[in-house]
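Here the structure is laid out as structure tokens; the discussion comes afterwards.
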Amino acid sequence: MGAELGKYKSCVSARTTDKEILKFSQDGGIVTSLFGFALDTGIIDGAIVAANKEFYEKNPSKCILDNSNFEMIEPWRPIPAVVNTKAELLAAAGTKYNISPNVALLKEATRAFGLDKIGIVGTPCQMQAVRKAQLYPIGFRDVGASIALAVGIFCMENFPYQGILQLVEDHAAMKLDAVKKMEIGKGKFWVYGKRGQVVSLPLKVTHKYEQPGCHVCLDYVANLGDISTGSVGSPDGWSTVFVRSKIGDSVWAKAMAAGVFETQPIEKVKPGLELVTKLANEKITKNKKTLEGRATFGVGKALRNPYI
Amino acid sequence: MADKITVGYTHLSGCTGCTVALADNYGGLLTLLDKYVDLKYMPTLADARHIQKVDVSFVEGSVCINDKLAVEEIKETREKSAVVVALGGCACYGNITRFGRGGQQNQPQHEAYLPIGDLIKVDVYIPGCAPTPQMIRNVAVMAYLLLKGTKEQKDLATKFLTPLMKATETTSACFCDLMVKVINQSLCMGCGSCAAACPVNAITMEYGKPQGERDLCIKCGACYNQCPRAWYSFDVVDNYEAINEAIMAALQ
């Protein structure tokens with residue numbers, strides 16, 4: 001077990017046994033099913049997820065918005081929201097390849113939303129933010145102990161909304177309104193249209209639109225989630241799952257006992273952990289180089305290094 | 001008990017919110033006082049008020065430099081304490097007292113307020129307005145381990161406290177820190193920690209980046225210090241589970 005995959009207690013390839021969730025999910029429906037199970041069994045009483053405009057229209061009280069005019073919210077722009085039911089979870093399922101500041105809702109979830117046991121899903125950097133908020137709760141009064149299940153998702157990098165807009169509308173020549181699903185896999189950025197059309201872009205095209213802040217990130221597989229998951233390493237329609245913390249271990253065992261997931265040993269599936277390890281190392285090596293480059297960025301002047 | 005550390009609490013120009021936050025540890029505060037801390041002086045929670053020689057002193061509030069007594073007290077606090085902790089936004093950064101301009105009865109000449117780091121050397125910051133009970137608790141346990149723990153515990157406490165020691169290099173704070181030290185440095189990844197941490201809801205997330213309503217900002221420094229891209233220690237945060245457990249065990 002190398003450091004690039006973080007600490008974990010177990011790793012499997014998994015898929016939800018709920019056929020309805022599979023219709024909406026990005027891959028194996030892990031996040032949606034886990035939160036659904038945790039809501040049903042009282043492990044959490046609400047979860048912070050990335051919803052969208054349609055969700056907001058139906059559930060305006062469950063989101064916090066920024067200062068934008070609500071009418072101006074674009075398709076495929078994520079809106080952090082608190083969900084309490086399976087139907088709400090399904091409405092928010094699937095990956096949106098741009099930034100959803102889920103941690104912004106973490107305190108309010110315990111206040112206006114009244115949650116005592118919060119579920120939160122997020123990228124590796126957001127899991128880092130959650131754990132920093134628990135250890136150094138400078139502005140998170142009475143929040144840390146209420147985080148009941150933090151699910152991390154694998155992440156190579158994220159895009160600003162305008163980056164996705166340019167990729168889909170300029171490069172893939174599709175209206176964002178007409179897009180059913182986006183996906184990164186097999187070395188390509190895939191855009192699936194609602195009419196059945198599929199466009200793929202080489203990843204090379206996407207690089208310039210990446211969020212620059214992602215280029216100092218040294219975590220690929222959400223080392224700090226209680227459970228972390230992503231498609232890489234597992235066959236199509238399945239997800240790779242790392243069970244990391246004591247909380248994660250306990251929740252995963254209960255979910256397995258309740259038949260929420262079917263699993264295969266990660267050693268038995270293709271491409272398996274070998275690919276996860278390879279991509280994790282690629283990300284970490286590349287971004288360590290970025291950090292080194294920042295140290296000698298100017299003439300005798302460095303850019304700031306956030307890591308102590 | 002012989003292995004308790006001695007602690008004092010100096011109260012300058014602060015609103016007592018930091019004191020209340022400390023007290024809001026409820027049973028945890030009693031455990032701290034039972035097992036780890038001998039509280040030598042504190043204006044609100046103890047009978048003794050005069051500054052004495054202690055291992056650690058917490059200072060709430062900024063220093064009014066037009067108030068001779070306040071200036072004497074902060075200097076005396078420094079002279080008599082091995083470790084000085086600036087507790088809360090005012091002691092660390094001036095916070096809301098930065099907006100002071102005098103003219104208030106019955107001491108209209110009290111116009112200028114400075115964070116304590118502008119007058120004395122400070123060892124550790126606990127930012128936040130108010131600082132949270134859990135942050136005070138975590139730092140208190142770690143400070144105890146640093147002074148009285150085993151070698152392993154001292155190492156852990158040093159790592160935990162290092163960012164809060166380094167924070168003392170700066171004595172002013174503002175939402176602008178997020179712009180200048182995070183966004184302008186191309187480090188922001190849009191997690192939203194700052195927006196959640198802001199005590200006056202001055203920050204919203206616009207297209208995944210913080211937008212500050214700068215007229216609302218009280219200059220407490222919570223947003224910047226909460227930001228994982230302001231400072232972040234893998235040594236500490238990667239071991240969050242063990243550290244959380246150790247802190248909870250210490251307070252049993």
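The values are calculated or read from the model by the stated rules, or taken from the named source; none is laboratory data. Remember, it's a predicted structure, so these values are computed and weren't measured experimentally. A quick note on method: Cβ atoms are made from the backbone with ideal geometry, for glycine too, and the neighbour counts reach across all protein chains shown. When the accessible area is computed, the model is the full protein with side chains, heavy atoms only, and any ligands, DNA or RNA have been set aside. Shrake-Rupley method; radii C 1.70, N 1.55, O 1.52, S 1.80 Å.
Does the protein assembly as shown come out rounded, prolate or oblate by the C-alpha gyration tensor, with a ≥ b ≥ c the root eigenvalues, rounded set by a/c under 1.5 and, if not, prolate when a/b is larger than b/c and oblate if not?
On the way: a/c = 2.02, a/b = 1.71, b/c = 1.18.
Prolate is the answer for the protein assembly as shown, as a/c is 1.5 or above and a/b outweighs b/c.
Ligands, DNA and RNA left out, the accessible area of region A:32-112 computed with a 1.4 Å probe is 51% carbon and sulfur. Per-residue 3J(HN,Hα) values for region B:33-50, derived from phi via the Karplus relation 6.51 cos²θ - 1.76 cosθ + 1.60 with θ = phi - 60°, read 6, 5, 9, 10, 10, 9, 7, 7, 7, 5, x, 9, 9, 10, 6, 6, 10, 7 Hz in sequence order (x marks Gly and Pro).
Can you give the accessible area buried between chains A and B, summed over both chains, with a 1.4 Å probe, in Å² to the nearest 100?
Values: alone 15320 and 13090 Å², together 23640 Å².
Buried area (both sides, nearest 100 Å²): 4800 Å².
Taken as Cα centroids, region A:161-178 and region B:152-193 sit 36 Å apart, rounded to the nearest whole angstrom. Going 7 Å from the Cα of A:Lys268 along its beta-carbon direction, which residues of region A:5-22 have the amide nitrogen within less than 12 Å of the resulting point? Residues passing the 12 Å test: A:13-14. Measuring between their Cα centroids, region B:1-57 and region A:242-308 lie 42 Å from each other.
What shape does chain B take by its C-alpha gyration tensor, where a ≥ b ≥ c are the square roots of the eigenvalues and a/c under 1.5 counts as rounded, a/b above b/c as prolate, and the rest as oblate? Oblate is the answer for chain B, as a/c is 1.5 or above yet b/c matches or exceeds a/b. Each Cα pair under 8 Å and six or more residues apart adds its separation to the average, and for region B:176-226 the resulting relative contact order is 36 percent. DSSP bridge analysis restricted to the protein assembly as shown gives an antiparallel fraction near 55%, rounded to the nearest 5. With a cut-off of 16 Å on the backbone N, the residues of region A:93-123 near the modelled label site 7 Å out from A:Asn84 along Cα-Cβ are A:108-119. Once the Cα-Cα distance is subtracted from the 0.36 nm per residue extended length, the B:Glu72 to B:Arg214 segment shows a gain of 47.7 nm. Based on protein heavy atoms only, region B:5-171 ends up with 45 Å² per residue of surface accessible to a 1.4 Å probe.
What pairs in A:Lys7/B:Lys166; A:Lys58/A:Lys175; A:Lys19/A:Lys278; A:Lys246/B:Lys209; B:Lys4/B:Lys159; B:Lys121/B:Lys148 have C-alpha atoms more than 25 Å from each other?
Numbers: A:Lys7/B:Lys166 28 Å; A:Lys58/A:Lys175 23 Å; A:Lys19/A:Lys278 32 Å; A:Lys246/B:Lys209 33 Å; B:Lys4/B:Lys159 22 Å; B:Lys121/B:Lys148 23 Å.
Over 25 Å Cα-Cα: A:Lys7/B:Lys166; A:Lys19/A:Lys278; A:Lys246/B:Lys209.
Applying 1/(1 + (r/R0)^6) with r as the Cβ-Cβ distance of A:Ala253 and A:Lys7 and R0 = 25 angstrom yields a FRET efficiency of 0.90. Bridges between two residues of region B:42-158, per DSSP, are antiparallel at a rate of about 20%. Bridgeable aspartates and glutamates around A:Lys208 (alpha carbons under 15 Å apart, same-chain partners fewer than 8 residues away excluded): A:Glu157, A:Asp170.
Distance between the 7 Å Cα→Cβ label points at B:Lys53 and B:Asp155: 3.3 nm.
Please label the shape of chain A as rounded, prolate or oblate, based on the square roots a ≥ b ≥ c of the eigenvalues of the alpha-carbon gyration tensor (a/c under 1.5 means rounded; beyond that, a/b larger than b/c means prolate, else oblate). In terms of gyration-tensor shape, rounded.
Among B:Thr16, B:Thr168, B:Thr77, the residue with the largest mean-square fluctuation in a Gaussian network model of chain B, with springs joining Cα atoms closer than 10 Å, is B:Thr16. If the label point is 7 Å along Cα→Cβ of B:Glu245, which residues in region B:153-169 have backbone nitrogen under 19 Å from it? Of the residues in region B:153-169, B:153-157, B:160 have backbone N under 19 Å from the label point off B:Glu245.
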